[in-house]
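This report refers to the structure that appears directly beneath it.
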Amino acid sequence: MVSRSDLFALSYYKKAAFTGSDKNLCYRIERVGDDDIFKLQATVWDGPFNFESTPDEKKTRHLEEFSEEGLCAIAEWINNMR
């Protein structure tokens, strides 16, 4: 189970993506967007392969607002994808 405390501070996602796993479910959280409108995007896929080695059709994506509430919603969404 992924909790909000397992994820980095919101400011981290301004510069880099975070990749983790919970048992066989792998996930990646990153900032996406353009022109000062940014969102948090979570991507999940079945392991054991990494993000780059997994075909896009085997990944599921979800967008939330770029905020603390959005990060909490992403943690909840990842848990519901199990």
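The values are calculated or read from the model by the stated rules, or taken from the named source; none is laboratory data. Being a predicted model, the structure only gives us computed values, none of them experimental. Please note: Cβ atoms are built from the backbone with ideal geometry, for glycine as well, and neighbour counts cover all protein chains shown. When the accessible area is computed, the model is the full protein with side chains, heavy atoms only, and any ligands, DNA or RNA have been set aside. Shrake-Rupley method; radii C 1.70, N 1.55, O 1.52, S 1.80 Å.
With the requirement that a residue be aliphatic (A, V, I, L, M), without any contact (Cβ under 8 Å) to a residue 24 or more places away in the chain and open to solvent by less than 50 Å² (accessible area, probe 1.4 Å), what does region 11-38 give you?
A16, A17
For region 58-80, what are the residues that are within 22 Å of K23 (Cβ to Cβ) and open to solvent by 70 Å² or more (accessible area, probe 1.4 Å)?
Hits for region 58-80 are K58, R61, E76, N80.
Of the conditions (1) surrounded by 12 or more Cβ atoms within 10 Å (Cβ to Cβ); (2) touching a helix residue (DSSP H, G or I) at 6+ places or on another chain (Cβ under 8 Å), S3 fails just one. Which one is it?
Tallying (1) surrounded by 12 or more Cβ atoms within 10 Å (Cβ to Cβ); (2) touching a helix residue (DSSP H, G or I) at 6+ places or on another chain (Cβ under 8 Å), S3 fails exactly one: (1).
Which of the residues belonging to region 6-29 are hydroxyl-bearing (S, T, Y) and over 14 Å from A42 (Cβ atoms)? Lay out the reasoning, then the answer.
Keep residues of region 6-29 that are hydroxyl-bearing (S, T, Y), which gives 11-13, 19, 21, 27.
Scanning region 6-29 gives S11, Y12.
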